[in-house]
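Worksheet: the structure to be examined is printed underneath.
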Amino acid sequence: RSKPLLSKPMLRFMFGHAVYQFIVLCVIIWAGDSMMGIESGRPEDIKHKTAHDPCASDTNQHFTMVFNTFVLMQLFNEVNARKIHNEINVFDGFFSNPWFLGVMTTTVALQIILVEFGGRAFGTAPLTGNQWAVCLAFGAGTMFWNALLTFVPYEWIPNGEGEEGAEFEAASRMRLDSSLKQFSSNPLGRQSSFLRGSRRLSKSMEAAHFGDLSQGASSRRRSSVGSVSDVNLASEAEQVANSEEAMV
C-alpha cells in the first residue's frame, strides 16, 4: 500500500512526452502560419476575418495542422508506449500483435478521412502534401524524443518506484510477453491445452460421479446389514420365548 501508483519509468515517459508535445503545439499555433505561408487560424484572426466577411469560412489549414499533428503524435506515442523500460527498439514484436496493428490502421484511416473530408462539420480543411509531411515529421519526432528520454537517469525523478522495482517489473513483463507470444504463435499448443483442460474436467466429473455412486452403495450396504441384524435379533427373541414356554 505504501508504494507509489506510478513508477519512475512511467513518470519519465508521461512528463517527458508532455514537454515535447507542448513545445511542438506552441510552435505550430504561434508560428505555423508564417512558416507554411498559410492563413492564420488563431481565434483573434478568425474573428477579424469574419467581421469583414460574414460569409468567410472558419475552417483553415493552420488549425487543421494543429489537430493533425496532435493526433499523429498520439499515434506514434502508442508505439513508444509498448516499451517503457529503457528499450531503444520500440518496434520489437510490433507485427506480432494483429489487434494493435488493426487499431493503428483504423485510426490512421479515420484521421485521413476527418482531415480531408471533415469540412465544416469537424472544422478541418484539406491539407497539401507538404503540410502532411510536416505533421508526420512532428509526429515521428516523438520516437526520437523517446530514445533520448531513455538516457534520463532515474535519480532525477523525485517520486515513484525505484530502479529495482522497475527492473523487477520489466523482468516480469518480459516473462509474460514471452509466454504469451509462445502460446499465441502455436495453434497446436492452444488446441492441446484445450484438450488437456477438457480431459481434466471430464476426469473430475467422473470422479465426482463415482464418489456419489460409492457413497450410495455404502449407504445401501449399511441399511442391508442393519436389516439383517434386526432379523437376527427378532429370531433370537422368538427362540428365547419358545424355550420359556417349554419350560413352563
**Prompt:** Are there any pairs with C-beta distances below 9 angstrom linking a residue in region 1-23 that is within 12 Å of Asn146 (Cβ to Cβ) and of a type in the set (D, E, K, R) to a residue that is assigned to a loop (DSSP other than H, G, I, E, B) and open to solvent by 30 Å² or more (accessible area, probe 1.4 Å), with the two at least 6 apart or on different chains, and if so which?
**Reply:** Arg12/Ile84; Arg12/Val152
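Considering region 140-160 alone, what residues qualify as being open to solvent by 100 Å² or more (accessible area, probe 1.4 Å) and at pLDDT below 90?
Initial filter on region 140-160 (open to solvent by 100 Å² or more (accessible area, probe 1.4 Å)): 144, 148, 151, 155-156, 158-159.
The answer is Phe151, Glu155, Trp156, Pro158, Asn159.
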**Asked** Inside region 104-122, can you point out the residues that are in contact (Cβ under 8 Å) with a residue 12 or more places away in the chain and farther than 12 Å from Asn68 by Cβ?
**Response** Met104, Thr107, Gly119, Arg120
**Asked** Of the residues that sit in region 75-89 and are of a type in the set (A, V, I, L, M, F, W, C) and either at pLDDT below 90 or outside any loop (DSSP other than H, G, I, E, B) (or both), which one is farthest from Tyr154 (Cα to Cα)?
**Response** Leu75
**Request:** With respect to Gly41, determine if the residue is assigned to a loop (DSSP other than H, G, I, E, B), of a type in the set (Gly, Ala, Ser), more than 25 Å from Leu148 (Cα to Cα) and within 38 Å of the chain's Cα centre (by Cα).
**Result:** yes
**Message:** What's the total number of residues in region 44-60 that are at pLDDT below 85 and outside any helix (DSSP H, G or I)?
**Reply:** 7
**Request:** Residue by residue through region 95-117, note down the ones that are modelled with pLDDT of 95 or more and of a type in the set (Ser, Thr, Tyr).
**Result:** Thr105, Thr106, Thr107
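Filter region 105-139 down to the residues that are open to solvent by less than 30 Å² (accessible area, probe 1.4 Å) and either among the basic types (Lys, Arg) or part of a helix (DSSP H, G or I) (or both) and list them by number. Explain how you work it out, then say what you get.
Pass one, region 105-139, residues open to solvent by less than 30 Å² (accessible area, probe 1.4 Å): 111, 115, 118-119, 124-125, 127, 131, 135, 139.
Listed by number, the residues that qualify are Gln111, Val115, Gly119, Gln131, Cys135, Gly139.
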**Message:** Conditions first: (1) open to solvent by less than 80 Å² (accessible area, probe 1.4 Å); (2) without any contact (Cβ under 8 Å) to a residue 12 or more places away in the chain; (3) over 19 Å from Phe122 (Cα atoms). Arg82 passes all but one, so which condition is the exception?
**Reply:** (2)
**Message:** Just to be sure I understand, how many residues within region 85-104 are open to solvent by less than 50 Å² (accessible area, probe 1.4 Å) and among the hydroxyl-bearing types (Ser, Thr, Tyr)?
**Reply:** 0
**Asked** If we scan region 65-72, do we find a residue that is farther than 16 Å from Ala125 by Cα, at pLDDT 95 or above and not charged (D, E, K, R)?
**Response** yes
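So is Lys49 among the basic types (Lys, Arg), more than 38 Å from the chain's Cα centre (by Cα) and open to solvent by 40 Å² or more (accessible area, probe 1.4 Å) or not? Steps first, please.
Working: among the basic types (Lys, Arg): yes; more than 38 Å from the chain's Cα centre (by Cα): yes; open to solvent by 40 Å² or more (accessible area, probe 1.4 Å): yes.
Yes: the conditions hold for Lys49.
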**Asked** Only one of (1) modelled with pLDDT of 95 or more; (2) aromatic (Phe, Trp, Tyr); (3) closer than 14 Å to Cys135 by Cα; (4) open to solvent by 70 Å² or more (accessible area, probe 1.4 Å) is not met by Phe22, so which one is it?
**Response** (3)
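The values are calculated or read from the model by the stated rules, or taken from the named source; none is laboratory data. Quick caveat: nothing in here was measured; it's all calculated off a predicted structure. Don't worry about glycine lacking a Cβ; one is built from the backbone with ideal geometry, like all the others, and counts go over all protein chains shown. We work out accessible area using only protein heavy atoms, side chains counted, and drop any ligands, DNA or RNA first. Shrake-Rupley method; radii C 1.70, N 1.55, O 1.52, S 1.80 Å.
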